[in-house]
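Chemist: Mind looking over this structure? Questions follow.
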Amino acid sequence: MLAQQRDRSSHWIMREAIRTYVEREEKREELKRQVQQVWKNYENDGLHLTFEEADTWLDKLSKGEETDLPKCHN
């Protein structure tokens, strides 16, 4: 049993599982809220980046280059 392997009580394992689940679901809901807000902003003003612009920017960041987020445009 996992509780024995981890030298924890079954109650601790259950609490930890619930805590982990709730944290994950809260993050998922926050991401969903942010995505909905971004979509509303796009619908209102049409500002965006192309995939290529975003990909180039993220590629530079992944290589450790300091670079500003490109300006959004119509």
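Every read-out reported here was derived from the displayed coordinates using simple, explicitly stated rules and does not represent laboratory data. No experiment lies behind these values; they were computed from the predicted model shown. Ideal geometry is used to build each Cβ from the backbone, glycine not excepted, and the neighbour counts take in all protein chains shown.
Chemist: Taking R0 as 22 Å, what FRET efficiency do you get between Lys60 and Arg28 from their Cβ-Cβ distance, rounded to the nearest 0.05?
Modeler: So, using R0 = 22 Å, E works out to roughly 0.15.
Chemist: How many angstrom lie between the C-alpha centres of the range 11-27 and the range 32-74?
Modeler: 32 Å
Chemist: While we're looking at this one, here's another question. Which entry in [x] 0.98; [y] 1.04; [z] 1.28 matches Rg/Rh (Cα atoms, Kirkwood Rh) derived from the coordinates of this structure?
Modeler: From the options [x] 0.98; [y] 1.04; [z] 1.28, the structure gives [z].
Chemist: Turning to a different aspect of this structure: Within a Cβ distance under 14 Å of Arg15, other residues only, what is the Lys/Arg minus Asp/Glu net charge?
Modeler: My count for the surroundings of Arg15 gives +1.
Chemist: Give the lysines reachable from Lys71 as a straight Cα distance under 17 Å; neighbours fewer than 8 places away on the same chain don't count.
Modeler: Correct list for Lys71: Lys60.
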